[in-house]
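Notes to accompany the following structure.
The values are calculated or read from the model by the stated rules, or taken from the named source; none is laboratory data. Computed from a predicted model, the values in this text were never measured in an experiment. Positions of Cβ are backbone-derived with ideal geometry, glycine not excepted, and every protein chain shown enters the neighbour counts. To get the accessible areas, we keep the full protein, side chains included, count just its heavy atoms, and leave off ligands, DNA and RNA. Shrake-Rupley method; radii C 1.70, N 1.55, O 1.52, S 1.80 Å.
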Amino acid sequence: MDSFSLEQAQALDAADPLQHFRQRFVCDEPDLIYLDGNSLGRLPLASVALARDLVERQWGLRLIRSWNEGWFELPTRIGGKLATLLGARADEVAIADSTSVNLFKLAVAALRQQRGRTRILTDDLNFPSDLYVLQGAIEMLGGSHQLEIAPSTDGVHGPVDALLARLDADVALVVLSHTVFKSGYVYDMTAITAAAHAVGALVLWDLSHSVGSVPVTLNAANADLAIGCTYKYVNGGPGAPAFLFVRRDLQAPLRNPVSGWMGQHDPFAFGLEYVAEPGMRHFLTGTPPVVSLALIEPGVDLLAEAGMAALRAKSVQQTEYFVALWEALLAPVGYMLKTPRQAAQRGSHISLGHAEGWRINQALIRDLNVLPDFRAPDNIRLGIAPLYTSFADLYHAAQRLRQAVDEGIYARYSRQRPAVT
Ligand SMILES: *Cc1c(COP(=O)(O)O)cnc(C)c1O
């Protein structure tokens with residue numbers, strides 16, 4: 001325990017080449033330890049200025065003229081920038097709708113393309129909403145597909161062997177979260193993609209917990225399809241629209257099942273028949289939410305400026321540091337590590353289990369000024385966003401997690417849970 005000190009954490013911060021990025025975000029509460037950047041990223045200062053310009057000038061003064069002064073191109077222009085963080089070509093990424101809706105569009109498109117194949121593979125670590133969307137897609141397509149959910153043996157690591165064993169020529173689509181939302185386990189995108197391709201299956205990756213936190217190499221992995229959020233590590237703002245990636249050669253054969261005028265070849269000709277615009281635009285559907293779409297850009301710019309390699313190096317150093325803190329301070333008071341020990345298999349958050357996880361989480365939020373998040377049944381998730389999380393944050397978080405138990409602070413709270421956790 002003595003080998004950790006605040007001075008040591010501060011020295012690590014002083015040596016951190018990305019330390020100055022924290023000042024590019026609104027961080028006005030010095031004592032607050034914010035470890036929920038994997039649910040809602042912090043507000044970039046540049047977004048504050050851009051929001052004012054969007055509302056006061058672009059909307060207030062320029063009015064409808066703004067559509068021709070940049071708004072119409074926003075989905076593909078910002079998508080093109082985001083592509084650089086995903087190892088994809090600029091014309092393979094667009095921004096539209098929510099992650100769930102994009103999953104529906106791409107899953108249905110892929111299943112129609114894979115006619116004759118009836119199985120969809122996923123795992124029980126996937127984000128439940130993704131499973132709900134797939135269940136809805138199956139129902140809409142007539143109920144002849146089966147969703148097979150491979151079980152993880154320990155709730156932490158992805159069931160790679162079970163997935164590979166189920167791959168055969170009847171599998172249409174594999175749908176996985178690249179970085180798993182509960183444990184932070186990261187799949188080997190290249191290996192899974194290659195195995196799926198070997199039997200003619202397509203793979204759809206959910207990158208919600210990967211984008212901006214781990215390097216993603218869609219093209220190098222020969223990935224087919226991907227979707228993901230922009231309000232987590234990308235810092236795009238609450239409910240900011242999501243992205244979708246379709247590999248260049250799949251863009252023409254795949255059809256957007258929610259065909260709308262924003263994907264129409266010439267939307268302002270108001271023709272009565274849908275003619276898909278070539279490329280990523282035909283995966284758009286309706287009018288984009290311009291204000292929240294435009295506000296994604298400062299977050300993308302900050303990640304690009306820092307560089308994914310440098311961000312990953314810091315994230316690995318920080319998760320290793322926190323695992324060491326856990327071992328020294330937290331394991332002795334009942335916290336379990338529910339995240340892979342091997343850095344190569346780990347994204348940018350640490351999950352801790354504890355028999356009193358829910359009540360500890362309440363104590364952290366209400367008494368100890370730590371904002372983690374909680375995932376049932378007992379997961380306290382500590383999101384590490386290398387753009388702004390400091391080593392001192394992690395040191396304080398470990399101290400306060402320990403304090404919550406040592407001082408019995410959690411015992412003030414009931415085991416009852418509210419609707420949103
Ligand atoms: C956060 C998250 C989502 C969220 O989807 P929405 O449509 O934005 O609600 C989906 N999938 C995964 C893996 C996530 O982590």
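For the chain, what is the accessible area per residue in Å², given a 1.4 Å probe and the full set of protein chains?
40 Å²
Contact order normalised by length for the stretch 125-236, with contacts defined as Cα pairs under 8 Å and 6 or more residues apart; what percent is it?
Once divided by the residue count of the stretch 125-236, the mean separation gives 22 percent.
What is the sum of charges, Lys and Arg at +1 and Asp and Glu at -1, for the other residues whose Cβ falls under 12 Å from the Cβ of Thr230?
Counting the neighbours of Thr230, the net charge comes to 0.
At a 1.4 Å probe radius, which order do Thr76, Thr179, Thr84 fall into by accessible area, largest first?
Heavy-atom accessible area, descending, gives Thr84, Thr76, Thr179.
Where does the charge balance sit around Glu407 when Lys and Arg score +1, Asp and Glu -1, over other residues with C-beta under 12 Å from its C-beta?
Residues close to Glu407 contribute a combined charge of +1.
How large, in percent, is the carbon and sulfur part of the accessible surface of the chain at a probe radius of 1.4 Å?
Reported share for carbon and sulfur atoms: 56 percent.
Any idea what the relative contact order of the stretch 148-302 is, in percent, if you count C-alpha pairs under 8 Å spaced at least 6 apart?
Over the stretch 148-302, the number comes to 16 percent.
Any aspartates and glutamates with Cα under 15 Å of the Lys105 Cα? List them, leaving off those in the same chain fewer than 8 positions away.
Asp97, Asp130, Glu139, Asp206, Asp224
Where does each of Cys229, Cys27 land when they are ordered by accessible area, with a 1.4 Å probe and the largest first?
Cys27, Cys229
Please report the antiparallel percentage of DSSP beta bridges with both residues in the stretch 49-304, rounded to the nearest 5.
Of all bridge pairs located within the stretch 49-304, approximately 40 percent are antiparallel.
Taking the full set of protein chains and a 1.4 angstrom probe, give the accessible area of Ser177 in square angstrom, rounded to the nearest 10.
10 Å²
At q = 0.07 Å⁻¹, what is the base-10 log of I(q)/I(0) for the chain according to the Debye formula with one equal point scatterer per Cα and no solvent? Please give it to two decimals.
Results for the chain at q = 0.07 Å⁻¹ read -0.35.
Counting only GluC sites (Glu not before Pro) that are in a DSSP loop and have at most 12 other C-beta atoms within 10 Å, tell me the longest site-free stretch of the chain.
Longest stretch, sites excluded: 1-272.
Given a cut-off of under 8 Å on Cα pairs at least six residues apart, what relative contact order in percent is computed for the chain?
22 percent
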